[in-house]
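Shown next, in structure tokens, is the structure this report addresses.
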Amino acid sequence: MKINEIGEFGLIGRIAERFAPLVPAGWEGIGDDCAVIPWDEGQSMLITTDLLVEGVHFLRDRISARELGAKSLAVNLSDVAAMGGRAVGTFLSLGLPAEGVGVEWCDAFFEGYRSFGVPLLGGDTTASTTGIIVNITVLGRAENSRVKRRNTARPGDRIAVTGPLGESAAGLRVLLEGLPSTPDTDELIRHHHRPRPHLKEGEWLGRERGVHAMMDVSDGVASDLLHILRGSAVGATVDLSRIPVSPLLQRTAEQYDGWEARRLALTGGEDYVLLLTVAPEEADDLERRFEAQFGRPLHWIGTCTAGAPEIVYRDEAAGTTVENTTYRGFNHF
């Protein structure tokens, strides 16, 4: 059997099944944004790791070393934020080719890495024959009562995201299609190369009892929401007319053939906003306080339902239903 026959998450499931019996009681391993390890009576350690490979996650000739350093750490910090925690330390393993990467490149990479103010505590360096390879492990902490997981959504919960979707995917598409440089296309590339993880938002939402399930959007809502639904054994209805698309993405999509802003927003990934479910009786108050705290709204995109872990897409503005196979998020295999 080939890996692409079961896909990335099928492979992860097979690995998790084999190692589940070895996970100590009270620890939480594969299956969420971070592993959760008890620290003391009131807190847990959150641990996550992520890998970025040249040619798969980034193009060396299009991203600066500083941008790559910052993005590499950002995607890991986002995992900790998605569970309501705060990062306290990092480890970095770096594979570098012998040619084409000098000391100046490394200095710029670490300048970007350092921009988040989280300590680098150790790691490893090695030569690489296939390009630049970046692997980061982040340690975080959270009070036990504030840890948010993927498997705690409930029927009736309202589904929200903490920011617009699709700008990073659009930036990647600008690069791959070699589109001309304009203020708008340059801004989309910036969103792709320098995503902003919602760190303060994650900590704040972690304190909210009305927030049930939460994760970050790395592979697109069409994929990431399914992780919450499968973990929680619930379904969902998503209103396509409420998917938040920025004016920047909308006007760019209108300029180029084959671009569809809504599809990019649902399937593109690497936005690193937070995706969460909220108790319906808490939703209006949470929305009000979130906007007061961060100066922008929560975006409500749907509702959790009882039933199979599937997404029903409706366009409430048009009064239509869309096949749920129309939108699929990113899958490495």
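The values are calculated or read from the model by the stated rules, or taken from the named source; none is laboratory data. Since the structure is predicted, the reported quantities are computational estimates derived from the model, not experimental observations. So basically every Cβ, Gly included, is an ideal-geometry build from the backbone, and we count neighbours across all protein chains shown. Note: areas computed on protein heavy atoms with side chains; ligands, DNA, RNA excluded. Shrake-Rupley method; radii C 1.70, N 1.55, O 1.52, S 1.80 Å.
Would you mind stating whether GLY171 is without any contact (Cβ under 8 Å) to a residue 24 or more places away in the chain, crowded, with 17+ Cβ neighbours inside 10 Å and assigned to a helix (DSSP H, G or I)?
Criteria met by GLY171.
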| message | Out of ALA81, ALA74, ALA70, ALA98, I need the residue that is open to solvent by less than 40 Å² (accessible area, probe 1.4 Å), in contact (Cβ under 8 Å) with a residue 24 or more places away in the chain and either out of contact with any helix residue (DSSP H, G or I) (no Cβ under 8 Å at 6 or more places or on another chain) or assigned to a strand (DSSP E or B) (or both). Which one? | response | ALA74
| field | Odd one out for ARG141, checked against (1) modelled with pLDDT of 95 or more; (2) over 30 Å from ALA283 (Cβ atoms) | value | (2)
| request: Can you give me the number of residues within the range 111-135 that are on the phi < 0 side of the Ramachandran plot, out of contact with any helix residue (DSSP H, G or I) (no Cβ under 6 Å at 6 or more places or on another chain) and either of a type in the set (Lys, Arg) or not in a loop (DSSP other than H, G, I, E, B) (or both)? | output: 9
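Residue by residue through the range 136-153, note down the ones that are part of a loop (DSSP other than H, G, I, E, B), touching a Ser or Thr at 6+ places or on another chain (Cβ under 8 Å) and open to solvent by less than 50 Å² (accessible area, probe 1.4 Å).
Start the filter on the range 136-153 by keeping residues that are part of a loop (DSSP other than H, G, I, E, B), which leaves 147-148, 150-153.
Still in the running and touching a Ser or Thr at 6+ places or on another chain (Cβ under 8 Å): 147, 150-153.
Those that are part of a loop (DSSP other than H, G, I, E, B), touching a Ser or Thr at 6+ places or on another chain (Cβ under 8 Å) and open to solvent by less than 50 Å² (accessible area, probe 1.4 Å): VAL147, ARG150, ALA153.
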| note | Checked the range 122-134 for anything open to solvent by 50 Å² or more (accessible area, probe 1.4 Å) and in contact with a Ser or Thr (Cβ under 9 Å, 6 or more places away or on another chain); matches are GLY123, ASP124, THR125, THR126, ILE133
| If you scan the range 288-301, which residues turn out to be under 23 Å from GLU167 (Cα atoms) and surrounded by fewer than 24 Cβ atoms within 10 Å (Cβ to Cβ)? | PHE290, GLU291, PHE294, GLY295, ARG296, PRO297, HIS299, TRP300
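Can you tell me which residue in the range 252-263 is nearest to TRP300 (Cα to Cα), limited to those that are open to solvent by less than 20 Å² (accessible area, probe 1.4 Å) and hydrophobic (A, V, I, L, M, F, W, C)?
To start, the set of residues in the range 252-263 that are open to solvent by less than 20 Å² (accessible area, probe 1.4 Å) comprises 252-253, 261.
Keeping just the survivors that are hydrophobic (A, V, I, L, M, F, W, C) gives 253, 261.
Working: ALA253: 23, ALA261: 18 Å.
That would be ALA261.
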| query | Which of (1) within 20 Å of GLN250 (Cβ to Cβ); (2) of a type in the set (A, V, I, L, M); (3) open to solvent by 10 Å² or more (accessible area, probe 1.4 Å) does LEU199 not meet, given it meets every other one? | reply | (1)
| request: Would you check if there is a residue in the range 216-233 being in contact with a Lys or Arg (Cβ under 9 Å, 6 or more places away or on another chain) and farther than 28 Å from ASN76 by Cα? | output: no
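Within the range 264-287, how many residues are surrounded by 13 or more Cβ atoms within 10 Å (Cβ to Cβ), more than 23 Å from the chain's Cα centre (by Cα) and among the charged types (D, E, K, R)?
The initial filter retains those residues of the range 264-287 that are surrounded by 13 or more Cβ atoms within 10 Å (Cβ to Cβ), namely 264-280, 282-283, 286-287.
Subset that is more than 23 Å from the chain's Cα centre (by Cα): 280, 282.
Add one more test, that the residue is among the charged types (D, E, K, R), and what stays is 282.
Going through the range 264-287 one residue at a time, the tally reaches 1.
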| Pair list, Cβ under 7 Å, 6 or more apart: the range 226-238 residue in a strand (DSSP E or B), other residue of a type in the set (Lys, Arg) | THR237/ARG314
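How many residues does the range 264-273 contain that are in contact with a Phe, Trp or Tyr (Cβ under 9 Å, 6 or more places away or on another chain) and either of a type in the set (Lys, Arg) or outside any helix (DSSP H, G or I) (or both)?
Step one: of the range 264-273, the residues in contact with a Phe, Trp or Tyr (Cβ under 9 Å, 6 or more places away or on another chain) are 266-270.
Within this subset, residues satisfying the condition of being either of a type in the set (Lys, Arg) or outside any helix (DSSP H, G or I) (or both) are 268-270.
Residues that pass the stated criteria total 3.
Results for (1) farther than 19 Å from HIS198 by Cβ; (2) at pLDDT 95 or above; (3) in a loop (DSSP other than H, G, I, E, B), shown as yes or no for each residue.
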residue: VAL245; (1), (2), (3): no, yes, yes
residue: TYR256; (1), (2), (3): yes, no, yes
residue: TRP259; (1), (2), (3): yes, no, yes
residue: LEU275; (1), (2), (3): no, yes, no
residue: ASP285; (1), (2), (3): yes, yes, no
residue: GLN293; (1), (2), (3): no, yes, no
| request: For the range 297-314, state whether one or more residues are over 17 Å from the mean Cα position of the chain (by Cα), part of a helix (DSSP H, G or I) and at pLDDT 95 or above. | output: no
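On the phi > 0 side of the Ramachandran plot and surrounded by 21 or more Cβ atoms within 10 Å (Cβ to Cβ) - does that describe any residue in the range 218-239?
Filtering the range 218-239 for residues on the phi > 0 side of the Ramachandran plot gives 220, 233.
Within this subset, residues satisfying the condition of being surrounded by 21 or more Cβ atoms within 10 Å (Cβ to Cβ) are 220.
Within the range 218-239, one or more residues are on the phi > 0 side of the Ramachandran plot and surrounded by 21 or more Cβ atoms within 10 Å (Cβ to Cβ).
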| Is it fair to say THR303 is among the hydroxyl-bearing types (Ser, Thr, Tyr), in contact (Cβ under 8 Å) with a residue 24 or more places away in the chain and touching a Gly at 6+ places or on another chain (Cβ under 9 Å)? | yes
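Hey, among the residues in the range 97-131 that are β-branched (Val, Ile, Thr) and modelled with pLDDT under 95, which one's nearest to ARG60 (Cα to Cα)? Don't jump to the end; show me each part of the working.
To start, the set of residues in the range 97-131 that are β-branched (Val, Ile, Thr) comprises 101, 103, 118, 125-126, 129-130.
Next cut, modelled with pLDDT under 95 only: 101, 103, 125-126, 129-130.
Values: VAL101: 10, VAL103: 16, THR125: 18, THR126: 18, THR129: 15, THR130: 12 Å.
It comes out as VAL101.
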